[in-house]
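Notes follow the structure.
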Amino acid sequence: MAEKDADVQKIKELIKIMKENDLVKIDIRHGEDYVSLQRAQPPQPPTTLGPLFASLPGMGTPIPAPAASGPAPAHAKGEGLLEVRSPIVGTFYVAPSPDSEPYVEIGAHVDPQTVVGIIEAMKVMNEIRAEVSGTIVEKAAANGQAVEYGQVLFRVKPD
Amino acid sequence: MAEKDADVQKIKELIKIMKENDLVKIDIRHGEDYVSLQRAQPPQPPTTLGPLFASLPGMGTPIPAPAASGPAPAHAKGEGLLEVRSPIVGTFYVAPSPDSEPYVEIGAHVDPQTVVGIIEAMKVMNEIRAEVSGTIVEKAAANGQAVEYGQVLFRVKPD
Amino acid sequence: MLSRILVANRGEIALRIIRACHELGIETVAVYSEADRNAPYLRLADEAICIGPADCDQSYLNIPRIISAAEITNVDAIHPGYGFLAENINFAEICRDCGIGFVGPGVEAMRLLGDKVEARKLARKAKVPIVPGSEGVLANDAEAMKLANQIGYPIIIKAVAGGGGRGMRVVHNDISLRAAFNAAKTEAQAAFGDGSVYLEKFIVEPRHVEVQVMADAEGNVLHFYERDCSIQRRHQKMIEESPCPVLEERDRQRLADAATRLIKEANYVNAATVEFLLDKDRKFYFIEVNTRIQVEHPVTEMVTGQDLIKLQIQVASGQPLGLRQKDILHQGVAMECRINAEDPKNNFAPCPGTITEYRAPGGPGVRVDTHACQGWTVDPHYDSLIAKLVVHQKTRAAAIATMRRALEEFTVQPIKTTIPACLEILSHNLFVKGKIDTGFVERNF
Amino acid sequence: MLSRILVANRGEIALRIIRACHELGIETVAVYSEADRNAPYLRLADEAICIGPADCDQSYLNIPRIISAAEITNVDAIHPGYGFLAENINFAEICRDCGIGFVGPGVEAMRLLGDKVEARKLARKAKVPIVPGSEGVLANDAEAMKLANQIGYPIIIKAVAGGGGRGMRVVHNDISLRAAFNAAKTEAQAAFGDGSVYLEKFIVEPRHVEVQVMADAEGNVLHFYERDCSIQRRHQKMIEESPCPVLEERDRQRLADAATRLIKEANYVNAATVEFLLDKDRKFYFIEVNTRIQVEHPVTEMVTGQDLIKLQIQVASGQPLGLRQKDILHQGVAMECRINAEDPKNNFAPCPGTITEYRAPGGPGVRVDTHACQGWTVDPHYDSLIAKLVVHQKTRAAAIATMRRALEEFTVQPIKTTIPACLEILSHNLFVKGKIDTGFVERNF
């Protein structure tokens, strides 16, 4: 008990010493006894990864270039175009059946509710809506193509 | 108990030493006893390695801070002083024998040929010459101290 | 042999499975969330496919997306790893219905062992000791007292609907039983709207000891000895080792035989871990079966020289194990420390962030399983395990020495990790003596 | 046991020794040149002392500075590692004279085995087969022909003063012997000012097979089986493995016994490697003894589970080995690839520089011995070895598969390394079949 009180006293003193002297850490060990005090580090500037992952060797299949943060429509880089991205994983079809006309062609105007294709996942056909308004300027995925989450299906020029 | 009070005293002393010497960290271990003090790091000039080696955990005895590229006399950083460095590894003595006067004292003027001390290595006494001209302003190594290659022995104010 | 496997997991276990497949000449498809897009291990798979955003529910736990990924990449089977969907019966069923192999047990065995009441029945049938207790709900305090005297104090009263310690009472004698019974019932009623309680023998300061088992479709069931996982903090294992340092040879054999009997009784195929509590008299009691590979499987691999992931794939391919029990030797001592991105000085709070300095230990007797590297960002969406450090030596003392030096070498900056906590545990004289139980960490640190 | 050791080396072997000492509770003093000042492994030593500039002659090869460092740091002994001063008799003598222990053989044994003529005599005495040949200088072509017929063609004529292939002729029959004899003499005279030549049986496409031996001061000499180091390029080993894939059990035993007899005959203490050539009929011929630990010692550690560096220290401390031959089991197959900073596409030119991206492989069966890490600079002053990648598996095919996947994972950028060269060798169908000899790399790549 006396020892513990002494410890408190000691720690108070040590903290005082640390504060007065701008220490960030004190460790004391006597045999198996151990005291460690550490003060908050001053805020550090954010580090950037820089080129770390830029030069990964090409083992296996290359990973697609990083997409924007979500599958929601996004501005394609530097082109002023919007993207219609796949919200799920599956097989993309441009038409409701092999005999049908495609939902949309290049030049077609779409609004957010326009169905632009379907994606089959686990035997279920999921209608994909444009989610944006504008004119289809590019078909980025082929009929029958397997698409991953976030993959670009169409590019759209906004109104 | 006395031992623990002694710790506080010891730490105060160590902090004094740290401040006077611009140290950022002290680790002391006696068998199982261990004391570690660390001050907030002053801003560091950029090194080629970046932050890589700046935050190595304190395992074992810290390595001395990087010296200049060679043991030859060099300008100490930002002080306009020259350094007399050990060209070998051994035990440093300030005088030719225990009864003798030191080769040089603070305030003494040296030229490149002036013997400033001896280093014993493998029972051989090696005379150490100043290699620079100027006035001794600091004795950086104690009599009888083990010195490594490149270790600073004296600081000299150039003529 | 399976020729193409989808790895429905992330991090070190995904990498572990990709490595095993690579060595077996099996192609791999990795799935990843957007948060893991830059993970270097993805490059080691033959194909990698994004299945959703960082949120697990929309990616690693999303069954339709994973099944769909398996379908569009034409894999033979899915390896679920541990965690996520590994013990999800629904997922295993969907795999079966979609004609996709599942590297794990069949749906029936998984269902049987996943139900604690059924598993307990099965254990009784297989003559595997279970924690003695009431068969079901206690009618009243008189029944409780009768049973308590049959099995002997201390006992624990638990809420049937319970969890989190509520409706739970440890009782040491007849005098306090009635009050405890009523208190537990009242508490259970208040907490869960159901006052039903049952009782079990209370195992004082038990060790957690588990047996690794592997079974093939031909009914061969082999054990790979035990692991002692008593070093836990809030039921999270921190350090595991094999052998259990207090078990004598005959007891180890009895434990392993019990585990094997249970798995045989369940008509189980693939890897399983049978968990037991070991009391101070070295009597063991079955708790539950984990129907998947475990985080700590490398401990067993080190002492037996067997590759459990490869065996899982072999068995899932319909091949026999091709090993006899006597081929599986236990040599030396292995120990694993889980290196988590958690701050031991701040109540083990997760400590995500980017690793700017990383140096893993190496040299003799050291194995590191990790997906991390310099530049890796520990994402707050996922569990905080960044590496498993495993050592193998001739003796337990040597294993501890190797683990200590390896931990001291291990540099992960600037995020906080459990490295210093593991070092403290390894330095504790009770740990060094092997005198540990599941309460050791909470009592001593 | 020794209590404080100075490690007179750098890089991975310095780290290897520091690790072993650390696990044994022995303090270490690391020495370093200015070029290695920032090496992270120095932090793992208890003390680190700068001994000179980058140039080896003024640092790692500088005996006075190393001895002086040992004296001022009060160590009991010096571990020389391999290379640098490890086989320098003068250094070992000075250590002895200064009362500093030397983790290696005694001066007399080192001198005896360091002299090739003496070593050959010793081998004959120990009934260890040597390459048959003339006892000394050949007087004339008649003597050469007589001897050539005794030992059988092909034979090789070599200059006594020779080296680098000059004054050297391979002869396949009597017809060409005289001309070759005269040509060799003339060439030797011109090149070395000494026309003396001798002859030896020419071993066609030999394998390089070596036996690891360890001896204590009580006269116990144990072998740790063999390593096949036939994958060489210009006499530099690239890949080593154990066991030798073509040796049958009885031949392995005979080889190991021969090595053990030789080391016993030399009254040798500590680690030694006895090197042999193995011809196509699996007859072996002693070449020389390396009186130190070898780069490739981890291969032996993996298959035997023994720690050779710890045994070296134990023996140097005056302790007996504490092992019997039957305790040393050889299990499975181990293989090592040397990862050098060299450009395989540019004639293996050294490729120093800073490593900005580094990820070492891990997982089951993989050991990495390296001092390198992200941020490490490979210095042109020193040899180009940056890592030793060692794998251990049950079979040779599995070891090759594990090595391949580990090499494919191993990322060292932007400097060039031997990783792709090792991968090519491992993919060669003759390597896979184990049909290799010391000329394999030069013939096929």
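Quick note: the coordinates plus some simple rules give every number you see, no bench work behind them. Remember, predicted model here, so these are calculated numbers, not experimental data. Here the Cβ positions follow ideal geometry from the backbone for every residue, glycine too, while neighbour counts run over all protein chains shown.
Side notes on the structure shown:
- Summary for B:ASN143: label point 7 Å along Cα→Cβ; distances to the equivalent points in the other copies, ascending, 9.9 nm.
- With the helix formula -39500 (n - 2.57) applied to DSSP H stretches of n ≥ 4, chain D reaches a computed 222 nm mean residue ellipticity of -10000 deg cm²/dmol.
- Other protein chain C-beta atoms within 10 Å of residue C-beta, averaged over C:128-141: 0.
- Column: log10 I(q)/I(0), Debye, Cα scatterers of region D:48-188, q = 0.18, 0.21 Å⁻¹: -0.98, -1.19
- Comment: the Cα-to-Cβ extended label point of D:ARG166, at 7 Å, lies 9.2 nm from its counterparts in the other copies, nearest first.
- Long pairs among D:LYS201/D:LYS435; C:LYS201/C:LYS280; C:LYS394/D:LYS326; C:LYS345/C:LYS394, criterion Cα-Cα beyond 25 Å: C:LYS345/C:LYS394
- A dipole drawn for chain D from +1 and -1 charges on Cβ atoms has a positive end, and of D:HIS392, D:ASN149, D:ASN347 the residue lying farthest that way is D:ASN149.
- Considering only chain D, the C-beta nearest to the rotation axis that sends D to C is found at D:GLN374, 2, the distance in whole Å.
- For the protein assembly as shown, share of DSSP beta bridges that run antiparallel, in % to the nearest 5: 85 percent
- For D:ILE130, nonlocal amide neighbours, meaning residues 5 or more places apart or on other chains whose placed amide H falls under 5 Å from its own, are D:PHE286.
- Nearest 10 degrees, 0 to 90: helix D:396-409 Cα axis against chain D principal axis: 50 degrees
- Shape analysis of the protein assembly as shown places it in the prolate category; the axes a ≥ b ≥ c from the Cα gyration tensor give an a/c of at least 1.5, with a/b above b/c.
- Per-residue Karplus couplings for region A:86-100, computed as 6.51 cos²θ - 1.76 cosθ + 1.60 with θ equal to phi - 60°, are listed in order as 6, x, 9, 10, x, 9, 8, 10, 8, 9, x, 8, x, 8, 7 Hz, Gly and Pro entered as x.
- Of the GluC sites (Glu not before Pro) found in region D:245-315, the ones in coil according to DSSP and having at most 15 other Cβ atoms within 10 Å of their Cβ are D:GLU248.
- The coefficient of translational diffusion for chain C, derived via Stokes-Einstein from the alpha carbon Kirkwood radius under 37 °C and 0.692 mPa s, stands at 142 µm²/s.
- Against the rule of thumb 2.2 N^0.38 Å, how large the Cα Rg of region B:74-158 comes out: 1.00
- A cut-off of 5 Å between modelled amide H atoms, ignoring neighbours fewer than 5 places along the same chain, links A:LEU153 with A:VAL84, A:ARG85, A:SER86.
- In loop segments of region C:290-373 as defined by DSSP, the trypsin sites (Lys or Arg not before Pro) with at most 14 further C-beta atoms inside 10 Å of their C-beta are C:ARG324.
- Karplus-based coupling profile of region D:107-118, in residue order and whole Hz: 4, 5, 5, 5, 5, 4, 7, x, 8, 5, 5, 5, with θ = phi - 60° in 6.51 cos²θ - 1.76 cosθ + 1.60 and x standing for Gly or Pro.
- Neighbour-count order for D:CYS56, D:CYS50, fewest beta carbons within 10 angstrom listed first: D:CYS56, D:CYS50
- Under a model in which nothing but the beta-carbon of Lys, Arg (+1) and Asp, Glu (-1) is charged, chain C shows a dipole of about 1200 debye around its Cα centre.
- Rule-of-thumb Rg ratio for region C:232-358 [Cα; 2.2 N^0.38 Å; N residues]: 1.25
- Pseudo-label separations to other copies for A:PRO112 - Cα-to-Cβ vector, 7 Å, nm: 8.3
- Distant-in-sequence amide H partners of D:GLU342 (H built 1.01 Å from N, under 5 Å): D:CYS351, D:THR417, D:THR418
- Unit charges at the beta carbon, dipole of chain D: most positive-side option, D:GLN58, D:VAL160, D:GLN312: D:VAL160
- Spatial offset of region C:272-338 relative to region D:186-239 amounts to 45 Å, using the alpha carbon center of each.
- Positive-end extreme of charge dipole, the protein assembly as shown - chosen from A:MET122, C:GLY322, D:PHE91 (charges on Cβ): C:GLY322
- Seen against the Cα atoms of chain C and their longest principal axis, helix C:63-72 is set at about 30 degrees.
- Counting only other chain Cβ atoms within 10 Å of each residue's Cβ, the peptide C:26-32 averages 2.
- Loop-located trypsin sites (Lys or Arg not before Pro) across region D:76-152 with a Cβ neighbour count of 16 or fewer within 10 Å are D:LYS127, with loop assigned by DSSP.
- Estimated vicinal HN-Hα couplings, Hz - region C:87-98 in sequence order (Karplus 6.51, -1.76, 1.60; Gly, Pro = x): 10, 8, 4, 4, 5, 4, 5, 5, 4, 4, 5, 8
- Cα-centre dipole for the protein assembly as shown with unit charges at Cβ (Lys and Arg positive, Asp and Glu negative), debye to 20: 2040 debye
- Cβ neighbours within 10 Å from other chains - mean over C:37-49: 6
- Most mobile of D:VAL197, D:VAL75, D:VAL366 in a GNM of chain D (Cα contacts under 10 Å): D:VAL197
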